[in-house]
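Asker: Got a structure for you, written out below as structure tokens; questions coming shortly.
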Amino acid sequence: MALTTDQLDTLATLAIEVPSWAYGNSGTRFKVFAGPGGPRDPFEKIDDAAQVNAFTGLAPAVALHIPWDKVDDWDALAAHAADRGVRIGTINSNTFQDDQYKLGSLCHTDAAVRRAAIDHHLECIEIMRATGSKDLKIWLADGTNYPGQDDLRGRQDRLAEGLAEIYAALDADQRLVLEYKFFEPAFYHTDVPDWGTSLVQCLALGEQASVCLDTGHHAPGTNIEFIVMQLLRLGRLGSFDFNSRFYADDDLIVGAADPFQLFRILYEVVRGGGLKADSGVVFMLDQCHNIEKKIPGQIRSVLNVQEMLARALAVDADALKVAQENGDVLGANQVLMDAFYTDVRSQLAAWRGERGLPGDPMAAYLASGYQEKIEADRVGGTQASWGA
Ligand code: AOS
Ligand code: ZN
Ligand code: ZN
């Protein structure tokens, strides 16, 4: 089974946003291993991210995290990105690392803390204006550890109020994307635990609000592709945070743990029109590379997404429809599995060659000398304060 020219053209629409924090040193609660050649500032993170795009043609945007990526001159950062052939993507807010947020941010009982959290998001919107970013992604660490610790309903009302003030500050061409996560760092309850909660908050806000689906933020066994289908159907799938999980929010390389799940998710993306530009779906990675080298880790990630998307595009939609309408249970399943088992690697290598890209991006990067150069040149890399 080979991809048709039309399918290969559709594949070319894939654009992935890589996270700036994937390039800095990261770790677990036990240890952060310092990797040589770590970027010393956001400009160098952009340099590294641009390598991923240069070798794969798949990653034209870089998501930033504020305040980790704060710079004095946003115009200069945006110009630097453009000079390297990429642009600034989603701006991720951060209300989880300051002492004042110990008991929450937008949901906190103290109005002064809520004010600080709202102001932080207003600052993020200013940064979006300065950098040309269109999406504000909000993930909140808000929640409680013990039953009775706070009033669940009161927290949800305060969340709605805070989000409304942030939403009101958006320009007409900007969006608010609300991420959900069922646990961690809070363990009894989380204020935005699931797609339903995110969706009802977004619906109350308006058309410019949508849901971010982080593939690592579900209980084991959750049918994630069903959620993808439903959000696309409702026009409210704003973005993905792609990664792999074995146990919890592991943030490992997307497609590493369960390529079949990634295939199923991407099949629903194709089926639901999520690849079309007007769908507004942003394909972001949310990963950290604790023991492997960062740039190769990111190259592997974007290639995994491309490979599973190619297989999803290879599904014979007509044959599938016939089998489904005939109630042919095993026949329909076989159509899907035939596409999943299609080895698209050599066709993708040829396709890259036609587009002036290396057939084997990983080998080309490793041979390029960039890794050796940054390891020799950069001393004292900053640690991306990854904690979640
Ligand atoms: C946290 O678990 C979420 O996945 C966030 O999207 C993201 O990981 C965080 O903003 C980066 O630390
Ligand atoms: Zn995430
Ligand atoms: Zn996460």
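Asker: On the basis of being part of a loop (DSSP other than H, G, I, E, B), touching a strand residue (DSSP E or B) at 6+ places or on another chain (Cβ under 6 Å) and either free of Cβ contacts under 8 Å to residues at least 12 places away in the same chain or within 16 Å of ligand 3 (Cβ to nearest atom) (or both), does Ala219 make the cut?
Answerer: Considered against the rule, which asks whether it is part of a loop (DSSP other than H, G, I, E, B), touching a strand residue (DSSP E or B) at 6+ places or on another chain (Cβ under 6 Å) and either free of Cβ contacts under 8 Å to residues at least 12 places away in the same chain or within 16 Å of ligand 3 (Cβ to nearest atom) (or both), Ala219 comes out as no.
Asker: Return the residues of segment 341-355 that are in contact (Cβ under 8 Å) with a residue 40 or more places away in the chain and either in contact with a Leu (Cβ under 7 Å, 6 or more places away or on another chain) or assigned to a loop (DSSP other than H, G, I, E, B) (or both); say none if nothing qualifies.
Answerer: Thr342, Val344, Gln347, Trp351, Arg355
Asker: Looking only at segment 204-222, count how many residues are within 14 Å of ligand 1 (Cβ to nearest atom) and touching a helix residue (DSSP H, G or I) at 6+ places or on another chain (Cβ under 8 Å).
Answerer: Final tally of qualifying residues: 5.
Asker: Ok, one more. Looking at segment 196-207, can you tell me whether even one residue there is within 16 Å of ligand 2 (Cβ to nearest atom), part of a loop (DSSP other than H, G, I, E, B) and under 21 Å from the mean Cα position of the chain (by Cα)?
Answerer: no
Asker: Could you tell me whether Glu225 is more than 11 Å from ligand 1 (Cβ to nearest atom) and among the acidic types (Asp, Glu)?
Answerer: Here the answer is yes, as Glu225 does meet what is asked.
Asker: In this structure, does Leu213 turn out to be free of Cβ contacts under 8 Å to residues at least 40 places away in the same chain, of a type in the set (A, V, I, L, M, F, W, C), within 14 Å of ligand 3 (Cβ to nearest atom) and crowded, with 23+ Cβ neighbours inside 10 Å?
Answerer: In short, yes.
Yes or no, residue by residue, for (1) surrounded by fewer than 24 Cβ atoms within 10 Å (Cβ to Cβ); (2) away from ligand 2 (no atom under 13 Å from the Cβ); (3) under 15 Å from the mean Cα position of the chain (by Cα):
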{"position": "Glu225", "(1), (2), (3)": "yes, yes, no"}
{"position": "Leu231", "(1), (2), (3)": "no, yes, no"}
{"position": "Asp241", "(1), (2), (3)": "no, no, yes"}
{"position": "Asp258", "(1), (2), (3)": "yes, yes, no"}
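Asker: Here is a further query. Every residue in segment 139-159 that is free of Cβ contacts under 8 Å to residues at least 60 places away in the same chain and within 16 Å of ligand 1 (Cβ to nearest atom), please.
Answerer: Leu140, Asp142, Gly143
Asker: A further question follows. Under 7 Å between Cβ atoms, which residue pairs at least 6 apart in sequence (or on different chains) link something in segment 163-191 that is within 16 Å of Ser210 (Cα to Cα) and away from ligand 1 (no atom under 16 Å from the Cβ) with a partner that is part of a loop (DSSP other than H, G, I, E, B) and of a type in the set (Lys, Arg)?
Answerer: Filtered contacts from segment 163-191: Asp173/Lys134; Gln174/Lys134.
Asker: For segment 180-195, give me each residue that is among the hydroxyl-bearing types (Ser, Thr, Tyr) and within 15 Å of ligand 2 (Cβ to nearest atom).
Answerer: Tyr180, Thr190
Asker: May I ask you to list the residues in segment 226-270 that are within 16 Å of ligand 3 (Cβ to nearest atom), part of a loop (DSSP other than H, G, I, E, B) and in contact with a Cys (Cβ under 8 Å, 6 or more places away or on another chain)?
Answerer: Of everything in segment 226-270, just one residue is within 16 Å of ligand 3 (Cβ to nearest atom), part of a loop (DSSP other than H, G, I, E, B) and in contact with a Cys (Cβ under 8 Å, 6 or more places away or on another chain), namely Asp251.
Asker: Let me confirm something: among Glu307, Glu325, which residue is touching a Pro at 6+ places or on another chain (Cβ under 9 Å), acidic (Asp, Glu) and on the phi < 0 side of the Ramachandran plot?
Answerer: From the options Glu307, Glu325, the qualifying one is Glu307.
Asker: Another question, if that's okay. Give the residues of segment 132-159 that are more than 16 Å from ligand 3 (Cβ to nearest atom), surrounded by 15 or more Cβ atoms within 10 Å (Cβ to Cβ) and outside any loop (DSSP other than H, G, I, E, B), sorted by residue number. Even if it seems obvious, please write down each step before you answer.
Answerer: Looking only at segment 132-159, we keep the residues that are more than 16 Å from ligand 3 (Cβ to nearest atom), and these are 132-136, 144-159.
Next, only the ones that are surrounded by 15 or more Cβ atoms within 10 Å (Cβ to Cβ) stay: 133-136, 144, 150, 152, 155-156, 158-159.
Within segment 132-159, Asp135, Leu136, Thr144, Leu152, Arg155, Gln156, Arg158, Leu159 meet the criteria.
Asker: Sort out which residues of segment 198-210 are buried (at least 17 other Cβ atoms within 10 Å of the Cβ), more than 16 Å from ligand 3 (Cβ to nearest atom) and either free of Cβ contacts under 8 Å to residues at least 60 places away in the same chain or over 20 Å from Gln156 (Cβ atoms) (or both), and write them in order of number.
Answerer: Scanning segment 198-210 gives Leu199, Gln201, Cys202, Leu205, Gln208, Ala209.
Values in this text are rule-based calculations from the coordinates and carry no lab data. It should be emphasised that the depicted structure is a prediction, and the values quoted were computed from it without experimental measurement. Every residue, glycine among them, receives a Cβ derived from its backbone with ideal geometry; neighbour counts consider all protein chains shown.
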